[in-house]
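As structure tokens, the structure follows; a few thoughts come after it.
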């Protein structure tokens, strides 16, 4: 699938162009357009090296970046254009958060549109005349008392939301390497051994407290979401604590 | 409401500490803890100035930052600890995306817990022994072919998700300064004038095309979500195009 075009309007620092490329690469964005940068292109050796160092290896994006003398040329082939801007302008505008804008962009792209996102100069952002070229504005909700972002960080946050539209990592997962979650039977068997050992050692001084204590211990063990391997380790721990060389279950013995 | 504590474990570059403070300020995070930084604290003048310059004015956070010699001291008062890590480790771990982890953090904090997020060294991240201190791991879904983030950018993405949990900016809104959305009646009145003017000038050559053309023009006008001010402007445009000095409606005359 193609992706939104990132358009830097008159960027001032080559380091920020490099860091923008890095942020784009982090987020699997590939197409960079640069409009009238302060340092004339092709860059001299020193500027080129500074940009490359800041990009931390996102060379492909910089090598494929396209340079434009004017903004209308850079926008010419786009069907829908977003302008990023922190401040409120007097103009009438559709204002979107990145969380709303990027899924919308993904839908437009799936529908065959070519979309782009404009980012303004480091100091002064986009001018009103440039924002007027856009179909919609993106404003990133951030601390209103301190909302100024570095250029590449603004690109990163927009790119991050783009990547989330393309990605289906589960919000929460239990990573467990080569083992698997324990079964209820395995929990019960371990708890049975534990309770028996505690019983033999007089842990339950008042018999009427046993149900409460049982619930409490079982509850904690289940909340830990143990793996099968971990249950075996705890069998080993229990065996060691009660001075049993080897637990009754042949498969058990802990893992270390 | 209090907020998650940001914990930098053995950061190497003072610039990254400064940029972390800036990212935290952007996201209304206030509490920074620094564990055994490479450059000894208090910093010498040169390092201090470089850190302050990188923070772009987030001085409060740096002045209130707390220094710890060891990680256990930095974590001692926390109830729930998250470790950020890009790579998969062999350990069994709860792995969350920031989008899932930060709302969960907000709930914990509302429930009275003190939570913290650990970020590792620039080059090598957190060690496995440090991740083992955490209750859960946060992995930011990013381009697997290029997922290495600058330290401050990782803090920014986590902070950004934090700020979104605390913020209720509408995903999409039509900002319209001092005017208001046009009413259906105002649309209809304008379209009526337009159709009459077109009629008088023989626009509808084939009468059977009129309904299609009307629908198409009305549809486009309504899709633009005009403001009352914009409708008046278009009345002025129409008056100018048909050579009418002043439109029939007294309230109309365009706004420029």
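All of the numbers you see were taken from the coordinates with simple rules; none came from a lab. All values derive from a computational prediction rather than experimental measurement. Every residue, glycine as well, gets a Cβ built from its backbone with ideal geometry; the counts of neighbours run over all protein chains shown.
Where the label is 7 Å out from Cα toward Cβ, how close does residue B:177 come to the same position in every other copy, in nm, shortest first?
Its label point is 6.3 nm from the equivalent points in the other copies.
Using the 7 Å Cα-to-Cβ label point, sort the distances from residue B:40 to its equivalents in the other copies shortest first and give them in nm to one decimal.
Spelled out, the distances from residue B:40's label point are 5.1 nm.
Got the residue A:224 label distances to the other copies yet, label 7 Å along Cα→Cβ, in nm, shortest first?
Counterpart label points of residue A:224 in the remaining copies fall at 6.8 nm.
Relative to the longest principal axis of the C-alpha atoms of chain A, give the angle of the C-alpha long axis of helix A:14-26, reported between 0 and 90° and rounded to the nearest 10°.
Approximately 40 degrees, to the nearest 10.
For helix B:45-55, report the angle its Cα long axis makes with the longest principal axis of the Cα atoms of chain B; keep it between 0 and 90° and round to the nearest 10°.
Between helix and principal axis, roughly 30 degrees.
Estimate the FRET efficiency between residue A:210 and residue B:70 by the formula 1/(1 + (r/R0)^6), using the beta-carbon distance for r and 45 Å for R0, to the nearest 0.05.
My answer for the efficiency is 0.65.
Relative contact order of chain A, please, whole-number percent, based on alpha carbon pairs below 8 angstrom and at least 6 residues apart.
19 percent
Hey, what number do you get for chain A at 222 nm if only DSSP H runs of n ≥ 4 count, each worth -39500 (n - 2.57), divided across all residues, to the nearest 500?
-13500 deg cm²/dmol
Does chain B classify as rounded, prolate or oblate by the C-alpha gyration tensor (a ≥ b ≥ c root eigenvalues; a/c under 1.5 gives rounded; else a/b over b/c gives prolate, otherwise oblate)?
Prolate, because a/c is 1.5 or more and a/b exceeds b/c.
Please give the length that would be gained between residue A:107 and residue A:86 if that part of the chain were fully extended, namely 0.36 nm times their separation in residues minus their C-alpha to C-alpha distance (nm, one decimal).
5.1 nm
How would the stretch B:174-256 be classified by its alpha-carbon gyration tensor: rounded, prolate or oblate, with rounded meaning a/c under 1.5 and the a/b versus b/c comparison settling the rest?
Cα axes put the stretch B:174-256 in the oblate bin.
What does the C-alpha gyration tensor say about the overall shape of the protein assembly as shown? Classify as rounded when a/c is under 1.5, otherwise prolate if a/b is larger than b/c, or oblate.
Note, shape of the protein assembly as shown comes out prolate.
What order do you get for A:41, A:162 when you list them from fewest to most C-beta neighbours inside 10 Å?
Lowest to highest Cβ neighbour count: A:41, A:162.
What's the angle, to the nearest 10 degrees (0 to 90), between helix B:228-241's Cα axis and the longest principal axis of chain B?
In chain B, helix B:228-241 runs at an angle near 40 degrees to the longest axis.
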